[in-house]
Every structure is written in structure tokens, then in C-alpha cells.
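The structure under discussion appears below in the form of C-alpha cells.
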């Protein structure tokens with residue numbers, strides 16, 4: 001039998017050094033060789049997957065196995081070598097494949113894998129290098145791709161799961177409970193003035209702004225990112241509807257927007273806002289607040305005139321006001337266009353809405369009064385003023401399928417120079 005030694009270095013996961021034994025030969029085994037491999041286990045570091053507890057070594061030729069697979073379990077503490085022997089390998093090119101697994105019996109989802117082709121020649125020692133690559137193809141974050149906070153919120157921890165190309169979970173050191181090995185996850189904030197993250201993935205909002213948290217698995221260098229938006233505490237309220245109008249007997253809905261001290265919108269529960277009217281004889285408003293059957297306030301016109309509607313956020317004490325004009329006529333079931341009057345600069349825009357008893361309805365929109373310089377309005381009620389002042393008020397008209405109509409007046413006013 002021809003004996004030979006093969007030195008194989010596993011750069012990523014382990015080192016395989018062939019035992020340099022010699023050997024005689026006989027005619028019957030002239031086309032066979034023996035290879036003895038010594039697995040050198042480095043300290044647990046980036047050179048070897050921390051969760052790897054075994055290496056399976058396969059030898060093939062032309063895609064067909066030429067020897068029984070050998071499994072090498074990580075040796076006990078204090079020992080860093082293991083020996084694997086393939087007693088008979090064919091002369092010629094042999095493909096050596098090494099796969100790292102998280103269990104000592106080479107089960108579970110592979111941690112890393114690599115292959116090298118080794119030329120086996122009689123009476124020669126061959127050396128080759130095999131680099132194992134991590135099988136991690138992606139990282140899945142427990143928080144998805146977007147996070148939202150308000151300044152002062154308690155933070156949360158990002159949980160990370162590693163997956164291979166088939167979507168199977170590749171175990172990480174932090175998947176142990178409790179973890180017994182150092183983490184291979186790195187967390188970084190792109191703007192620590194907005195949000196911070198510690199080594200365990202705990203995210204803390206700091207100030208209003210946008211940033212990303214970048215998560216990296218250091219053995220594979222695979223990354224994932226989550227977008228973080230932090231909004232400040234509520235600093236002001238404003239009505240979404242600017243000075244709307246409502247006919248006697250008609251209903252118009254109201255709602256407010258909360259903003260922080262730099263003008264960013266801050267989401268708040270709609271049903272925590274309370275509404276009051278300055279004159280319930282002219283217009284009433286539903287109070288809103290927690291437990292209300294619908295969010296926002298609903299103003300009902302009682303008689304022609306104007307009232308001030310005040311919105312209050314009990315959590316902050318902040319308020320906002322708007323003036324509601326009650327017009328004569330109309331009544332229950334009347335079509336209402338809001339706002340009823342508006343002044344715009346040339347090329348300015350205004351969003352109009354059409355409602356019946358406070359509920360949005362589908363209408364056909366049109367604008368008239370200025371001929372070819374009346375401006376335009378789209379199917380959703382967004383009006384765009386003409387580039388010049390037509391010199392006359394313009395009329396925006398909404399018409400339902402059953403021929404109900406309502407109008408609003410638009411005045412174009414150029415800025416004084």
C-alpha cells in the first residue's frame with residue numbers, strides 16, 4: 001500500500017495537518033493511499049464559528065464518495081487536536097469538504113463549510129489550504145425594518161436570528177440560554193445623538209430625528225439595518241381643518257395634529273383630544289375624549305354665525321382653536337364643501353373636502369369664474385390656483401351623483417412687493 005501525508009489548513013474554522021507517516025506498498029494497493037489528518041482547534045475566536053462543536057470531513061472523487069465521512073468532535077478543554085484517518089484513498093484528485101456543526105454529532109444547521117481539491121500521489125506529502133465560509137446568508141431582526149419612539153420612551157432590545165440560504169436558523173452564541181460564549185453580534189447607531197444601542201442590542205431614544213441601527217454578525221460579516229424615527233414630546237396642537245364652514249343642520253368633522261418642538265408630527269391617540277364650542281346656540285361639538293364612539297370632534301350647525309372650537313390634550317394641557325362658520329340653509333343631508341372660503345397666492349394649492357352629515361362623499365369637482373385663468377382642481381379635490389390673479393373671485397363646485405351641489409369661494413391675491 002502506498003502511504004502519503006496531506007497537510008490541509010482550514011483557515012476559517014480549523015487546521016488539518018496530515019500526519020507525516022511513511023509507508024511501504026504492494027501491488028494490490030498500488031492505486032490506493034492513506035491520509036491521516038490532525039484537526040487543530042484554535043481558541044474560540046473569529047477563526048472558528050463559536051458555536052461549532054464538530055467538523056465533518058468528506059472525501060469525494062468525481063462527485064462520488066471515496067471514503068466514509070469522518071466526524072471530529074471538539075475535544076475537551078485543555079486539548080486542541082483531534083486525529084482523523086482515511087485508510088484508503090484513490091490516487092489522483094480527491095475533493096475534501098469540511099463542514100462545521102453546532103452539535104458534537106454533526107447535526108443541526110451547518111455553521112460553516114468549505115472544500116479543496118487535493119492531489120494524492122504515491123510517496124509524496126501534499127499540502128493544501130481550505131477556507132471555510134460561514135453559512136449565514138441573512139439576519140432577521142425581531143423589530144422588522146422600522147422603529148418609532150417618542151423622546152422619553154423606554155427602549156427595547158433587538159433580537160437577532162441568523163438564517164442560511166434556505167431560511168434555516170443558524171445558531172449563534174447568543175442563542176444559548178443563558179449565553180455561555182461571547183456574542184458575535186455587533187450593534188451600531190448611525191447617529192447617537194438620536195438613538196443609542198448597547199452591545200446587547202438595547203435601543204434607547206435620545207432626541208428627535210432619524211437614524212439607523214446596523215447589526216453585523218462578525219463571523220460572517222452579514223449585516224441588517226433597522227430605520228429608527230424618534231419624535232420629541234408634544235409641543236403644540238393644530239387643527240387639520242383651517243376655519244371650516246358648515247350649513248345649519250350640517251355636520252363637519254374636526255381633528256388635530258400634534259407636533260414636537262421642531263415641527264415633526266407626533267402620533268397621539270385621536271380619542272384623547274377633547275373639544276368645546278364657544279357658543280352651543282350657534283354650533284355644537286361632540287366632546288371626544290377617551291371612550292368616544294368616534295375619534296375627533298363633529299361640529300353641527302345650529303344657526304347662522306361663527307363659533308370658536310377649542311381642542312385640548314389633557315395629557316399635556318395644550319390647546320388649539322379654529323373658527324367655524326355656520327351658513328344659512330342646508331340642513332341634515334346637505335352637501336358641504338370645506339373650507340367655504342380661501343385666499344391663495346398665484347400657483348397656490350388648497351385641498352377641498354365634500355361631506356354629507358360629516359361623512360366624506362364622492363363628488364365631481366369643477367372650478368369657474370375666471371375663464372381660462374380659473375386654475376384647476378383634480379378628482380380628489382386638490383385645487384391649484386392660476387399663475388396670475390384673474391381679478392374676480394372663483395367658485396369651486398362639488399356635485400354628487402344625485403345632483404346635490406355645494407360651493408366654495410377662492411380669492412387669488414398676489415403678494416405686495
Exercise. Among the residues of the range 248-255, is any at pLDDT 90 or above, surrounded by 15 or more Cβ atoms within 10 Å (Cβ to Cβ) and not assigned by TED's automatic domain parsing to the domain that holds residue 197?
Worked result: no
The condition of being over 39 Å from the mean Cα position of the chain (by Cα), at pLDDT 80 or above, assigned to a strand (DSSP E or B) and surrounded by 17 or more Cβ atoms within 10 Å (Cβ to Cβ) holds, among 118, 113, only for 118
Listed by first then second residue, the pairs whose first member lies in the range 84-95 and is on the phi > 0 side of the Ramachandran plot and assigned by TED's automatic domain parsing to the domain that holds residue 64, whose partner is modelled with pLDDT of 85 or more and assigned to a strand (DSSP E or B), with beta carbons under 9 Å and at least 6 positions apart or on separate chains, are 92/61
From the option list 192, 196, 184, single residue qualifying as outside the structural domain of residue 263 (by TED's automatic domain parsing), over 16 Å from the mean Cα position of the chain (by Cα) and closer than 18 Å to residue 111 by Cα is 184
If we ask which residues in the range 196-208 are crowded, with 16+ Cβ neighbours inside 10 Å and under 17 Å from residue 160 (Cβ atoms), their number turns out to be 3
The residue from 389, 402, 379 that alone is in contact with a strand residue (DSSP E or B) (Cβ under 9 Å, 6 or more places away or on another chain), in the same structural domain as residue 356 (by TED's automatic domain parsing) and more than 18 Å from residue 343 (Cα to Cα) is 379
In the range 171-195, residues that are buried (at least 18 other Cβ atoms within 10 Å of the Cβ), without any contact (Cβ under 8 Å) to a residue 40 or more places away in the chain and closer than 21 Å to residue 102 by Cβ total 2
Matching residues in the range 314-342 (surrounded by fewer than 16 Cβ atoms within 10 Å (Cβ to Cβ), closer than 26 Å to residue 302 by Cα and modelled with pLDDT of 85 or more) number 3
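The values are calculated or read from the model by the stated rules, or taken from the named source; none is laboratory data. Just so it is clear, the model here is predicted, and its values are computed rather than measured. Reconstructed Cβ throughout: ideal geometry from the backbone, glycine too, with neighbour counts over all protein chains shown.
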